[in-house]
Amino acid sequence: MSPRPEEEKMRMEVVNRIESVIKELWPSADVQIFGSFKTGLYLPTSDIDLVVFGKWENLPLWTLEEALRKHKVADEDSVKVLDKATVPIIKLTDSFTEVKVDISFNVQNGVRAADLIKDFTKKYPVLPYLVLVLKQFLLQRDLNEVFTGGIGSYSLFLMAVSFLQLHPREDACIPNTNYGVLLIEFFELYGRHFNYLKTGIRIKDGGSYVAKDEVQKNMLDGYRPSMLYIEDPLQPGNDVGRSSYGAMQVKQAFDYAYVVLSHAVSPIAKYYPNNETESILGRIIRVTDEVATYRDWISKQWGLQNRPEPSCNGNGVTLIVETQQLDKCNNNLSEENEALGKCRSKTSESLSKNSSNSSSGPVSSSSATQSSSSDVDSDATPCKTPKQLLCRPSTGNRVGSQDVSLETSQAVGKMQSTQPTNTSNTTNKSQHGSARLFRTSSKGFQALPSVLRNTDSCEVLEV
């Protein structure tokens with residue numbers, strides 16, 4: 001699901017069309033991009049967030065809406081003005097590409113949040129990979145929209161940052177760490193052990209957990225922290241997760257993913273009936289045919305014509321590796337075949353050095369998220385297939401997304417060999433307040449202070 005160059009090119013054309021209409025109305029106005037498109041971590045169907053800076057007595061929402069209709073930039077029925085919202089915006093769908101766009105006026109927080117996200121991405125290289133997978137995971141379960149009670153992009157990003165800040169293993173933050181292990185540990189923490197009732201998340205000053213009772217003492221009468229309390233590092237007093245009233249549904253989804261992935265990397269996984277046909281990551285992520293078709297159309301319109309088509313394994317996950325490698329990653333190789341597999345891999349390695357047609361998986365090097373205040377990010381499937389798609393033939397046996405990279409799946413597959421050593425080599429890490437020595441068990445993220453943890457099966461030693 002990593003962004004492709006042609007998708008960025010298409011989105012920039014949408015931005016330029018809208019910016020030209022704005023500049024025609026107000027030549028001195030400044031149009032800036034923020035949100036997931038600014039940070040680079042957007043799904044193929046994510047929207048574009050724009051903010052217009054200028055001097056007006058009253059926000060010119062209706063003036064711009066009329067101009068967009070006049071220039072036929074947007075579908076006639078898609079333009080909506082939300083002038084009563086906390087952050088007034090214009091919502092529209094580009095008439096040619098079906099990309100959704102949100103336009104706000106004089107809102108600084110979104111641009112500042114994008115800079116914050118880029119800083120954290122430099123510090124934690126794993127963040128783009130982790131957040132992209134998590135965004136797709138929530139999207140397909142309709143848990144990614146704040147207005148329906150789900151977790152927005154900014155909240156999800158801050159949860160991932162907190163997870164890495166307070167991780168008991170210091171090697172969790174190095175560039176060559178096992179991303180698959182981290183994904184399972186993320187699901188374990190927020191699906192099983194994090195105490196949503198009593199605990200809040202704080203990012204600033206190196207990260208810490210906060211007791212909600214302490215937070216409530218500083219709040220106005222009648223107010224209390226939300227179920228998913230995340231302190232906004234850019235705006236003190238702002239609870240980023242205040243609108244995520246479906247946080248417990250998200251918790252259940254994370255717990256489900258933890259169980260599924262833990263079973264998929266267990267030693268007995270080789271005996272599962274679907275092990276030969278399904279990747280590890282493919283057990284929790286599916287992408288619709290509509291999205292795959294939409295991405296194909298974008299590639300044809302804006303991409304390279306001679307781009308090679310990777311083979312698909314029939315369950316919506318593109319195979320970037322050979323089938324035998326997938327079997328090995330899923331613990332599906334018998335002991336007598338392992339020696340043969342190593343021999344074949346050496347042969348293929350020598351052949352690949354002389355071949356100029358070797359393919360590689362998509363790599364995401366960017367970061368994620370959305371506006372700090374409004375936290376709006378629509379990652380839904382385009383509301384309708386582009387007009388040009390109506391005349392296109394069906395993709396036939398093609399199923400699901402083209403770019404759920406198995407590099408992450410392979411990393412998850414290494415879990416069985418790496419997790420025991422990782423958990424045994426736990427490094428002490430001081431927290432805010434009194435220093436705490438975390439002693440983790442084989443279950444990973446259980447070592448939370450008593451006010452924070454949701455389980456009693458761990459030890460916390462006060463230093």
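The values are calculated or read from the model by the stated rules, or taken from the named source; none is laboratory data. Just so you know, these numbers come straight off a predicted model, no measurement behind them. All Cβ positions, glycine included, derive from the backbone under ideal geometry; neighbour counts span all protein chains shown. Side chains are part of the model used for accessible areas, which takes the heavy atoms of the whole protein and leaves out ligands, DNA and RNA. Shrake-Rupley method; radii C 1.70, N 1.55, O 1.52, S 1.80 Å.
Some points to look at:
- Hits in the stretch 280-289 - residues which are touching a helix residue (DSSP H, G or I) at 6+ places or on another chain (Cβ under 9 Å) and assigned to a helix (DSSP H, G or I): Leu281, Gly282, Arg283
- Residues of the stretch 35-44 that are farther than 16 Å from Tyr129 by Cα and open to solvent by 10 Å² or more (accessible area, probe 1.4 Å): Lys38 alone.
- Meets criteria (outside any helix (DSSP H, G or I), open to solvent by 10 Å² or more (accessible area, probe 1.4 Å) and out of contact with any Asp or Glu (no Cβ under 8 Å at 6 or more places or on another chain)) for Tyr223: yes
- Counting the residues of the stretch 253-278 that are outside any loop (DSSP other than H, G, I, E, B) and either more than 18 Å from the chain's Cα centre (by Cα) or among the aliphatic types (A, V, I, L, M) (or both) gives 13.
- For Ser244, the conditions (1) modelled with pLDDT of 80 or more; (2) in a helix (DSSP H, G or I) all hold with the exception of (2).
- The stretch 27-44 residues that are under 18 Å from Phe157 (Cβ atoms) and in a strand (DSSP E or B), paired with ones that are open to solvent by 10 Å² or more (accessible area, probe 1.4 Å) and not aromatic (Phe, Trp, Tyr) (beta carbon under 6 Å, 6 or more apart): Phe34/Val111; Gly40/Ser366
- Within the stretch 109-120, the set of residues being open to solvent by 20 Å² or more (accessible area, probe 1.4 Å) and either under 20 Å from Gly150 (Cα atoms) or touching a residue at least 24 places away in the same chain (Cβ under 8 Å) (or both) comprises Asn109, Val111, Arg112, Leu116, Lys118, Phe120.
- Sub-6 Å Cβ pairs linking a first residue in the stretch 229-254 that is closer than 16 Å to Tyr209 by Cβ to a second residue that is open to solvent by 10 Å² or more (accessible area, probe 1.4 Å) and of a type in the set (Asp, Glu), at least 6 apart or interchain, are Tyr229/Asp239, ordered by first then second residue.
- Residue count for the stretch 265-299, restricted to those that are more than 21 Å from Leu139 (Cβ to Cβ) and surrounded by 13 or more Cβ atoms within 10 Å (Cβ to Cβ): 8.
- For the stretch 54-70, the count of residues that are open to solvent by 70 Å² or more (accessible area, probe 1.4 Å) and among the aromatic types (Phe, Trp, Tyr) is nonzero.
- Check on Glu76, open to solvent by 30 Å² or more (accessible area, probe 1.4 Å), farther than 22 Å from Met10 by Cα, among the acidic types (Asp, Glu) and part of a loop (DSSP other than H, G, I, E, B): no
- Verdict on Thr93 being of a type in the set (Ser, Thr, Tyr), closer than 30 Å to Lys23 by Cα and in contact with a Ser or Thr (Cβ under 8 Å, 6 or more places away or on another chain): yes
- When restricted to residues that are at positive phi and either within 19 Å of the chain's Cα centre (by Cα) or at pLDDT below 90 (or both), the stretch 84-128 contains 0.
- Residues satisfying the stated conditions in the stretch 24-34, i.e. over 20 Å from Val111 (Cα atoms), open to solvent by 50 Å² or more (accessible area, probe 1.4 Å) and not aliphatic (A, V, I, L, M): Glu24, Pro27
- Of all residues in the stretch 160-194 being of a type in the set (Val, Ile, Thr) and not in a helix (DSSP H, G or I), the one that is surrounded by the fewest Cβ atoms within 10 Å (Cβ to Cβ): Ile174
- Subset of the stretch 135-159 [under 16 Å from Ser244 (Cα atoms), in a helix (DSSP H, G or I) and modelled with pLDDT of 90 or more]: Lys135, Leu138, Leu139, Ser153, Tyr154, Ser155, Leu156, Phe157, Leu158, Met159
- Selection over the stretch 87-103 of residues that are farther than 22 Å from Lys72 by Cβ and touching a residue at least 60 places away in the same chain (Cβ under 8 Å) gives a count of 1.
- From Leu228, Leu197, residue being assigned to a loop (DSSP other than H, G, I, E, B), open to solvent by 10 Å² or more (accessible area, probe 1.4 Å) and either of a type in the set (A, V, I, L, M, F, W, C) or more than 30 Å from Thr86 (Cβ to Cβ) (or both): Leu197
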